[in-house]
Every structure is written in C-alpha cells, then in structure tokens.
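The values are calculated or read from the model by the stated rules, or taken from the named source; none is laboratory data. Computed from a predicted structure; not experimentally measured. Methodologically, a virtual Cβ is constructed for each residue, glycine included, from the backbone with ideal geometry; neighbour enumeration extends over all protein chains shown. With ligands, DNA and RNA removed, areas are computed over all heavy atoms of the protein, side chains included. Shrake-Rupley method; radii C 1.70, N 1.55, O 1.52, S 1.80 Å.
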Amino acid sequence: MNVKPDFSKHANQAQTAPAFLSVWDMHSYYGESYIVQGISFNVHEGEILALLGRNGAGKTTTLRSIARMDNPQVNHGEIWLDHQPLHKMTSYEAATVGLGLVPEDRRIIPGLTVEENLQLAQIAPPIGWSIERLYDLFPRLGERRNQDGVTLSGGEQQMLSIARALARDLKVLLLDEPYEGLAPVIVDEIEKTLRVIKEQGMTTIIVEQNAVRALQLADRAIILDTGSIVFDGSAAEVLENATLRAEYLAI
Ligand SMILES: Nc1ncnc2c1ncn2[C@@H]1O[C@H](COP(=O)(O)OP(=O)(O)OP(=O)(O)O)[C@@H](O)[C@H]1O
Ligand SMILES: [Mg+2]
C-alpha cells in the first residue's frame, strides 16, 4: 500500500479534502528544453478542471507528463492518482491504474471498425464501460459500429477516441483539445456527453484553445504561462475576470 505524501505545506495545496489527482512540483524537459517549470495542483474526484494558456504554454506537455509518456522527461516531482504514485510508473502502468489520455490527434487505428477499435481497448482488464453503454452515450458510434474508424468525420473520430478511453476502467480522463476543428453543433454534442460522463462521477482535465467553452463546462481552471501556473481558481472567476482573460487567454 502506498502512502500519499503530505503536500499541505505547499502554497497551491491549501485544500481540505484529500485530492484525487495531485501534481506536486513537476518539472518537464524535451532534451535540454525546460518546459514545465515546477507546477503543483490538485484535482478532486468528480471535478472537471480546465487547463488553459496560450499556444506553447505547456498544456500538452503537462498532460503527457501526467500520462507518463516517454517524451517529455519529467525529472522532478510527484504525481499521485488515488494513492497510486504515477511518477514511478511507465505510461502503460499508468493506464492500468486508471489514467486515460485522449491525445489531440485522436489516434484511431486504421483498418479497424468502430467496434473493433473499442474491442481492442478491452482486450485486457481492467475493463470500463461496456460497448453497449458507450453506444448509448454516443449513438452516432452505434449507428456506425461496422464502419472503418478512419472514415468517420472529425467529430465522430473524437467521440470514438473518448469512447475508447472510457472502455478502459478510468479514474481520470485527460482531454487534449477535444473541440479542435469541430463545428459548433458537434462541440455542443461532445460537451453534452462530457457532462453525462461527469454525472457518472468521472474526474476530467480538459485542455482547450476554445477557453470560453472549456470554462463553461469546468468547475475549476488553471492557467499556464511559459510552464508556470499563473492562476488556479474557479472557472467562473476566469469568465468574470477580463484582465486575466486578456492577459493569458487572449479572449
Ligand atoms: N517534442 C518536443 N520537442 C521539443 N520541444 C517541444 C516538443 N513538444 C513541444 N515542445 C515545446 O514545448 C513547449 C510547450 O509545448 P506544448 O505542446 O506543451 O504547448 P501547448 O500549451 O500544448 O500549446 P498549443 O496550445 O499550441 O497546443 C513549446 O515551446 C513547444 O515548442
Ligand atoms: Mg497542445
């Protein structure tokens, strides 16, 4: 049994309930390039956190660091998910303890149908939502279950990418720009689904260029600027703060 460290002395950790996901003093590099410069934050169970900031601020790098991808290299800090030390794990091990990253490029497997893409996610335990339940969540996928995944529209591919993550037994869902390149009506549909997923108790981090949309969905927001956290507070606070929005989000 792993014991979670006491992060209570850290300024960003002044929360009363224990966090579900804790990132503490994380530093990430691509080779010599120092990108994530010592960030700390908590995400509580069932919460949606929007991770925002300008292009190149380090949002994708933060998600990849949490998911323990090979690149970037995290050379300092701790990442805990439900008492599990992610910082000691490979990306594969992190996935087996409930970490699900939906990358920006969606990574649909060519030559496989919608259903085969989902089945592949369930090839080994721990298994999450059943395929039928995923089709209830995304009826468009059910209608296209026998269609080659790469022939889906952009919005449908994004749905498949999210569904594939949920097909595993997830504790936290990390979404990198899920609305990118999608028409507003499809964004509405995906946003509605993310609310349903939240109602089922999922903990989510959403990275989005469409900051207003992300803030409308999120409970809390973190703003990154050149690899450091410049704001950690409620999503409503960002929506109300024109200075903050203009300075760091250009909205
Ligand atoms: N594989 C890599 N090798 C070297 N530098 C990288 C690599 N990937 C990203 N970077 C650099 O790291 C910095 C942060 O990139 P990151 O992709 O995390 O930003 P982001 O906030 O997700 O930006 P965007 O909003 O454009 O997606 C950028 O300066 C980028 O050029
Ligand atoms: Mg990015």
Using only the alpha-carbon atoms, how far is helix 184-199 inclined from the longest principal axis of the chain? Give it as 0 to 90 degrees, nearest 10.
70 degrees
Loop-located GluC sites (Glu not before Pro) in region 179-251 whose Cβ has at most 12 other Cβ within 10 Å (DSSP):
none
Taking only protein heavy atoms into account and a 1.4 Å probe, give the accessible area per residue of region 106-170 in Å².
45 Å²
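Hey, got a sec? Which GluC sites (Glu not before Pro) in region 19-126 land in a DSSP loop and have at most 12 other Cβ atoms within 10 Å?
GLU32
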Average projected area of the Cα convex hull of the chain, in nm²?
13.4 nm²
